[in-house]
Amino acid sequence: MEITGKIVQSLPKQTGNAKNGSTWEKQEYIIEVPGQYPKKVCFNLWGDKIAKFNVQDGDEVSISVDIESREYLGRWYTDIRAWNISKQSSSSAVDQGSSAPVATMPPNTLEAAEDGPFDDSDLPF
């Protein structure tokens, strides 16, 4: 599954020791998915993926995730784990300044349309 949006919050990194003695680390992020009613989704990265993707607050990203739910003591918990992240380019005409092309309308376009081959009297409305 893929989710696209903006990173609005990076939660503190969590670390611990596994039963086998190895250490683990996990970091959770909140992504806001745009739309008429924007949604916020919490996802996580584990281990070396935290440094590999280097996600920062404000980044526009597209994340590929695996979603899994599991039961513990009669309650269900859902985990959204990212396995790939691609940062979206955030360049726009405003960022580019005056080098961006500006669309303009030729000065006599309205007059040319009025003198054209179409007559308003034959329109059905």
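The values are calculated or read from the model by the stated rules, or taken from the named source; none is laboratory data. As the structure is a prediction and not an experimental result, all values here were calculated from the model. Every residue, glycine among them, receives a Cβ derived from its backbone with ideal geometry; neighbour counts consider all protein chains shown.
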message = I'd like to know if segment 72-80 contains one or more residues that are surrounded by 12 or more Cβ atoms within 10 Å (Cβ to Cβ), assigned to a strand (DSSP E or B), hydrophobic (A, V, I, L, M, F, W, C) and touching a strand residue (DSSP E or B) at 6+ places or on another chain (Cβ under 7 Å).
response = yes
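Can you go through Ser69, Ser62, Ser90 and tell me which one is polar (S, T, N, Q), loosely packed, with under 10 Cβ neighbours inside 10 Å and either outside any helix (DSSP H, G or I) or modelled with pLDDT under 50 (or both)?
After ruling out the rest, the residue left standing is Ser69.
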message = When you check Asn44 against the structure, is it over 13 Å from the mean Cα position of the chain (by Cα) and either at pLDDT 95 or above or within 14 Å of Ile63 (Cβ to Cβ) (or both), yes or no?
response = yes
note = Picked from segment 22-41 (must be within 12 Å of the chain's Cα centre (by Cα) and not aliphatic (A, V, I, L, M)), the residue nearest to Ser86 (Cα to Cα) is Glu32
note = Of the residues in segment 1-59, those that are surrounded by 13 or more Cβ atoms within 10 Å (Cβ to Cβ), part of a loop (DSSP other than H, G, I, E, B) and not charged (D, E, K, R) number 1
